[in-house]
Each structure stands twice: as structure tokens, then as C-alpha cells.
Amino acid sequence: MHIREYTEADWPAVWSIFQDVVTTGDTFPYDPAWSADQAHAVWVQPPPYHTVVACEGAEILGTAHMGRNRPGPGAHVATASFMVAGEARGQGVGRALSEYALTWAREQGFAAMQFNAVVESNTAAVRLYQTLGFQVIGTVPQAFKHPRLGLVGLHVMHCFL
């Protein structure tokens with residue numbers, strides 16, 4: 001697997017992954033009714049943000065975007081989000097993208113990385129992030145409307161770099 005910088009030619013594959021993940025409705029608080037343009041504006045932000053894809057040959061298996069969590073006095077803390085194609089889940093794509101994001105953030109001089117909204121029922125992601133050094137520092141109760149479980153919490157997760 002190879003992780004490389006996103007190019008606009010990647011958008012059709014990234015849009016397909018985005019649609020699948022968001023439509024499932026159990027991991028991201030994005031609106032499934034968004035157009036491709038709305039999704040693109042959220043996922044592919046201009047520098048200093050950074051968007052990448054994970055590939056096996058020409059096939060895009062996942063994507064991530066990363067950058068500062070907040071501007072100004074909060075700009076020393078990074079954030080990132082990850083999406084993996086349904087058929088590629090459980091194959092280490094999420095771990096590879098997460099490790100890439102952590103390395104990128106360290107190289108950019110960030111002091112920490114924070115995830116603002118990890119759905120607490122997304123136990124695979126929570127476990128993965130914990131193995132990478134993240135801690136749950138708080139949970140916003142009933143902040144996410146899960147399609148099968150009803151209202152569940154959103155974890156704020158943090159890791160010093």
C-alpha cells in the first residue's frame with residue numbers, strides 16, 4: 001500500500017468512499033444529502049491542510065485529511081479524519097493513514113493531535129487510536145444520532161506528539 005498526496009483526478013474515487021461512509025451514517029456527522037461539491041469543500045481543503053489517498057496500484061482504498069485543529073492560539077494542535085473503502089476495511093488501511101497523519105503532524109511541528117468527534121460506538125477506530133497513543137479526554141453524551149443505536153456519545157481524543 002502506498003500513501004500519496006491527493007490530486008483532483010482522485011476525486012471520483014474519494015467521492016465514492018465519502019458517499020459510502022457518510023450514507024452508512026454510523027461514523028461521521030456529515031450530511032448524506034451533501035452534493036459532491038459540498039463534500040469536496042469539506043474534505044479537500046487548501047494548504048496548509050493536507051489530503052492524501054491510500055492506494056494499492058491504481059485502486060484508492062482510503063483517504064485522509066489533516067491540518068490544524070483551530071486557528072490562532074490553537075494552531076499548534078493538529079487534527080485528522082480518515083475514510084476507508086468498504087471492501088478495504090480490516091486490511092490496515094486505517095492504521096496506515098493514521099500513522100501517516102501522525103508522522104505528517106510531527107514533521108509540521110504540531111505539539112499534539114486531537115480528534116473532535118469520534119463516535120463512541122465506532123469501537124474499531126477508538127481501539128486503533130488508543131494503540132497509537134490517543135486517550136479519550138471526554139465524551140459529549142448523546143451528541144451523535146446513530147442509525148441503529150440511537151443517540152450515542154462523541155469522544156474527544158488527544159495525543160501528544
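Annotation: of all residues in region 26-40 being under 18 Å from N116 (Cβ atoms) and not charged (D, E, K, R), the one that is most open to solvent (accessible area, probe 1.4 Å) is P29.
In the set A101, A54, which member is in contact with a strand residue (DSSP E or B) (Cβ under 8 Å, 6 or more places away or on another chain), within 16 Å of P12 (Cα to Cα) and open to solvent by less than 10 Å² (accessible area, probe 1.4 Å)? One residue alone meets the criteria, A54. Of all the criteria given as (1) within 21 Å of Q91 (Cβ to Cβ); (2) in a loop (DSSP other than H, G, I, E, B), the one not satisfied by I3 is (2). Has region 113-120 got at least one residue that is polar (S, T, N, Q) and either under 26 Å from Q45 (Cβ atoms) or at pLDDT below 95 (or both)? Scanning region 113-120, I find at least one residue that is polar (S, T, N, Q) and either under 26 Å from Q45 (Cβ atoms) or at pLDDT below 95 (or both), so the answer is yes.
The values are calculated or read from the model by the stated rules, or taken from the named source; none is laboratory data. Fair warning: this is a prediction, and the values are worked out from it, not measured in the lab. A quick note on method: Cβ atoms are made from the backbone with ideal geometry, for glycine too, and the neighbour counts reach across all protein chains shown. Note: accessible area is taken over every heavy atom of the protein model, side chains too, but ligands, DNA and RNA are not part of it. Shrake-Rupley method; radii C 1.70, N 1.55, O 1.52, S 1.80 Å.
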